[in-house]
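One structure below.
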Amino acid sequence: MIHILLAAYNEAESLGDVIAGVARAFADGDWTAWVVDDGSTDGTPDVAQRHAGPFPVRLLRHGTNRGLGAALRTGFSTIGAVMGPRDVLVTLDADNTHPPAQIPALVAEVEAGRADIAIASRFRPSARVVGVPWHRRMLSRGAEAVFRLFVPVPGVRDYTCGFRAYGASCVRALPAEDLIREDGFAAQAEILIRLTRRGARATEIPLVLRYDRKKGDSKMRIVRTVARTLGVVARLRRL
């Protein structure tokens, strides 16, 4: 079983396309999409419920917006409780910038035993990044340099991209509240570092990032995210 975790905040315009893309990627496979609606005000949960008829979609809801990390924590906790030992959990953005067609390649790395965590990376040869503003590119490169210097993970260059596949042992390695303590975007790096410090093996495949497909403004608050990310680095260096 492949579990697809979509943390969604005001993604009504894009969520349906993402779910349909997942269905195409696993036309003959056994999968479930878990949508964690993080207090959306634009009809995101309605989109998820409409797609729950033709597709295996389950909806989890936060009454208020609590942040990406909080949504991931809810998803990891709920999905981890039902995963079988050979199941795989895939996370990707709900804004249609991560192509679902790449999910099988990520899953294959975990199912073949080559890694416990497979990451779609912006920094691997043949990766493509389309439509990303220059300041976001600079932020990503800066984060890469900081993480590789202070909390290096063998085989990893992209610490903050959330397009990943996790084996069941990773999802169950720690209670979700201990694995994911950050509520915001810095949670992506936190998950990776905590798991690899406990022995999880990580690998990367090249990402095709389609930021040009994003509808609406980014939910990331750059100054806050930078500050919280540096805080994660400072804390997790001691692990």
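The values are calculated or read from the model by the stated rules, or taken from the named source; none is laboratory data. Everything numeric in this text was worked out from a predicted model, so none of it was measured. Ideal geometry is used to build each Cβ from the backbone, glycine not excepted, and the neighbour counts take in all protein chains shown. With ligands, DNA and RNA removed, areas are computed over all heavy atoms of the protein, side chains included. Shrake-Rupley method; radii C 1.70, N 1.55, O 1.52, S 1.80 Å.
Just a few scattered comments:
- Region 61-77, subset hydroxyl-bearing (Ser, Thr, Tyr) and either more than 16 Å from residue 183 (Cβ to Cβ) or surrounded by fewer than 17 Cβ atoms within 10 Å (Cβ to Cβ) (or both), residue farthest from the chain's Cα centre (by Cα): 64
- Hey, residue 143 within 19 Å of residue 90 (Cα to Cα) and aliphatic (A, V, I, L, M) or not: no
- Positions within region 130-148 being open to solvent by less than 40 Å² (accessible area, probe 1.4 Å) and over 20 Å from residue 236 (Cβ atoms), in sequence order: 132
- Number of the condition not met by residue 167 [criteria: (1) open to solvent by 20 Å² or more (accessible area, probe 1.4 Å); (2) closer than 25 Å to residue 114 by Cβ; (3) in contact with a helix residue (DSSP H, G or I) (Cβ under 8 Å, 6 or more places away or on another chain)]: (1)
- Taken as a whole, the structure places residue 115 among residues that are touching a residue at least 60 places away in the same chain (Cβ under 8 Å), under 27 Å from residue 199 (Cβ atoms) and either over 14 Å from the mean Cα position of the chain (by Cα) or exposed (fewer than 14 other Cβ atoms within 10 Å of the Cβ) (or both).
- Every pair of residues 6+ apart whose Cβ atoms lie under 8 Å, when the first sits in region 62-77 and is β-branched (Val, Ile, Thr) while the second is crowded, with 24+ Cβ neighbours inside 10 Å: 74/36
- Pairs with Cβ under 7 Å, 6+ apart, first in region 23-40 and under 16 Å from residue 91 (Cα atoms), second among the polar types (S, T, N, Q): 34/78; 36/74; 37/44; 38/65
- The lone exception for residue 80 - which of (1) surrounded by fewer than 22 Cβ atoms within 10 Å (Cβ to Cβ); (2) under 17 Å from residue 103 (Cβ atoms) it fails: (2)
- Checking residue 58 against (1) farther than 25 Å from residue 212 by Cβ; (2) within 18 Å of the chain's Cα centre (by Cα); (3) open to solvent by 40 Å² or more (accessible area, probe 1.4 Å); (4) touching a residue at least 40 places away in the same chain (Cβ under 8 Å), the condition it does not meet: (4)
- Residue 179 vs. criteria closer than 25 Å to residue 215 by Cβ and touching a residue at least 12 places away in the same chain (Cβ under 8 Å): no
- When region 118-129 is limited to residues that are over 24 Å from residue 2 (Cα atoms) and not in a loop (DSSP other than H, G, I, E, B), the one that is most open to solvent (accessible area, probe 1.4 Å) turns out to be 128.
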